Amino acid sequence: MKFMNFRNYLLFIAPALLIYLLFFAGPIFSGLYYGFTDWNGFSFKADWVGLENFREAFRDPLLLTALKNMAILSVVVIVLQHSASILLAVLLDQKLKGIVWMRAIIFFPVILNTVVIGYVWSYMYAPMVGFLPKFFAAIGLNGLAQLDWLGNPSLAIYAIALVMVWQYTGYSMMIYLAGLQSVSGEIYEASSIDGAGPWNKFWKVTLPLLIPSVIVNTVLSVIGCMKMFEHVFIMTQGGPANSTQTFGIMIYQYAFKTSQMGYGTAMAMILSVMILVVTFVQMKLLSRLEVAN
Amino acid sequence: MTTTLQKTSIYTVLIIALIIVLVPMAVMISVSLQTPSTINPLSLPKDPQWSNYTEAFRTGNLLPYFGNSILVLVMTTAAAIGVSVLAAYGLHHGKRYKSDAMSTFFLMGLILPAFSGTIPAFLVLREIHLLNTHVGLSLIQIASGLALPIFLYVNFFKTVPTEIEEAALVDGCGPWRTFLKIIFPLTLPITATCIIVVAINSWNDFFNPLVYLSSPDMRTLPVGLMAFKSQYNTNWPQMFAGAALVALPIIILYLFVQRFIIKGLVGGAVKG
């Protein structure tokens, strides 16, 4: 059936393609050129400087901090968010009263405005006056009450990671729930007949069947951590003492504070390539799993 | 076959999770009703100061920001849905023209961060004189947000039986009439999901208005709220009243259509 000819195909995709090319994909790919120039951003003209930007980037202490923070965020999020969300998904994948509302409440922070979240958590963490210091003081944990979560350079990035875990656990949970619901009930019945308890069922049946969800989900979280900008910008602006720098903050600062557009674009290219590599590895892993099954 | 003991422990874990999620929200609401000099985050407001809300609305200049946000949201959502559903239909029927590669190209919009193209995009907008305009911001939002609706629509079209289109072809309907008269009406449930997801993303967008709108009177709500912080640095009750006002429309929407919201936001990942 030749339902759609080439001309119609182009007409259908043209509006989306045009907007996408002009305002998203084009700008990103033009970075492949501008990243090799000393571009100042005031015009499209720029002089070729070869690998100079990249050489400078890998000597830039900020880039090292950003890479380190990317790793910290990813590890904290994977460990805390994913163990919590798998646990919650398993618990909420049952017929209990109020389950729909509990799922909905746990998911809710996902759609909350980042500025609102940033404000609330700045206050939760605020030394002396904030919720956490007062709460820990009230229950007698004076050591914890003294912490200056966002003001201490060695703590701040972990404090931000906890906010991300708080916001996105519901998101991961929903993906795991969808994964659990595709597991047929017969497998559980069979394992019950074989005498498996809940603990064994989880480790021997549920978790192995969840592996594809785990891959998709952790990669999504890692990409989210790599793209981190808003939470940091609102809560710490990359400080104190540049300890919470991320690629997003760095690119923003080089572009709009110091006008090193070519250099900022080179940074953006490094980040985009890393994200594409992570995505590619995920796709390979998933297809290998499908073959194995 | 769950025992009472198991049930109790399940509910205990779930209630702890709910408390962790809800406490920051409760603190926000509680503090927003207190007076700055006597804030106690651990207690409920004794004498609720509702005037914090009217004050925040007035001094934070939230009304014009509200209007700007709505305007951008409407433009972005209408245009993004329109171009995405067309593109998805083309991609679905264009297998013979290598549309799979084109789909992959569009889907890169889901993973690449918008800020990695910000600097060149900034220049593009300046060249066409749309920098610092709501139309310009909208175009950026559409471009960086159309991957998700395209993806949801393409997945939906896979479920539409080909007999429908074959019958239309026999009746002499071309792809455009078939799309408008037969296919588009079928997409309404998924269109509702797409509208809600695109609208929420536009409403919550912080980075793009921060970068592309420079004059204060053009600001959308999230950026306006951010400016509030530097203005009233220590007035937590008023800041939280402002924050609660920004969150309110989303909370109300969520109460009514949470199923659509969750399906739309998670659907992109689950079938991926």
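Structure above, values below:
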read-out	value
Single residue of region A:1-56 satisfying the filter (more than 7 Å from chain B (Cβ to nearest Cβ), crowded, with 22+ Cβ neighbours inside 10 Å and not in a helix (DSSP H, G or I)) that is farthest from the chain's Cα centre (by Cα)	A:TRP39
A:THR169 vs. criteria in contact (Cβ under 8 Å) with a residue 40 or more places away in the chain, more than 13 Å from every other protein chain (Cβ to nearest Cβ) and not aromatic (Phe, Trp, Tyr)	no
Residue count for region B:32-59, restricted to those that are within 11 Å of chain A (Cβ to nearest Cβ) and more than 17 Å from A:ALA138 (Cβ to Cβ)	2
Evaluation of A:GLN181 against (1) free of Cβ contacts under 8 Å to residues at least 40 places away in the same chain; (2) farther than 24 Å from A:LYS227 by Cα; (3) surrounded by fewer than 19 Cβ atoms within 10 Å (Cβ to Cβ); (4) not basic (Lys, Arg) (one fails), failing number	(1)
Identity of the residue in region A:230-265, hydrophobic (A, V, I, L, M, F, W, C) and over 12 Å from A:MET70 (Cβ atoms), that ends up surrounded by the fewest Cβ atoms within 10 Å (Cβ to Cβ)	A:ALA241
Residue in region B:49-64 that is under 29 Å from B:THR193 (Cα atoms) and surrounded by 22 or more Cβ atoms within 10 Å (Cβ to Cβ) present	no
All positions within region A:91-125 that are at pLDDT below 90, in a loop (DSSP other than H, G, I, E, B) and under 27 Å from the mean Cα position of the chain (by Cα)	A:ASP93
Counted residues, region B:94-104 - those being facing chain A (nearest Cβ under 9 Å) and either over 13 Å from B:VAL154 (Cβ atoms) or in contact with a Ser or Thr (Cβ under 8 Å, 6 or more places away or on another chain) (or both)	2
Residue among B:LEU225, B:LEU221, B:LEU210 that is closer than 14 Å to B:VAL72 by Cα, within 11 Å of chain A (Cβ to nearest Cβ) and surrounded by 21 or more Cβ atoms within 10 Å (Cβ to Cβ)	B:LEU221
Residues of region A:203-221 that turn out to be of a type outside the set (Ser, Thr, Tyr) and either touching a Cys at 6+ places or on another chain (Cβ under 8 Å) or within 13 Å of chain B (Cβ to nearest Cβ) (or both), as a count	8
Options B:LEU131, B:LEU169, B:LEU125; residue that is farther than 22 Å from B:LEU253 by Cβ, in contact (Cβ under 8 Å) with a residue 60 or more places away in the chain, facing chain A (nearest Cβ under 10 Å) and out of contact with any Ser or Thr (no Cβ under 7 Å at 6 or more places or on another chain)	B:LEU125
Failed item, numbered, when A:GLU230 is tested on (1) under 30 Å from A:ALA156 (Cβ atoms); (2) out of contact with any helix residue (DSSP H, G or I) (no Cβ under 8 Å at 6 or more places or on another chain); (3) among the acidic types (Asp, Glu)	(2)
Count - residues of region A:118-129 that are surrounded by 23 or more Cβ atoms within 10 Å (Cβ to Cβ) and within 8 Å of another protein chain (Cβ to nearest Cβ)	4
Among the residues listed as B:LEU139, B:LEU107, the single one being within 19 Å of B:VAL198 (Cα to Cα), in contact with a Phe, Trp or Tyr (Cβ under 6 Å, 6 or more places away or on another chain) and either assigned to a helix (DSSP H, G or I) or at the interface with chain A (Cβ under 7 Å from one of its Cβ atoms) (or both)	B:LEU139
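The values are calculated or read from the model by the stated rules, or taken from the named source; none is laboratory data. The shown structure was predicted, so the numbers you read here are calculated from the model rather than taken from an experiment. Note that each Cβ is placed from the backbone with ideal geometry, even for glycine, and that neighbours are counted across all protein chains shown.
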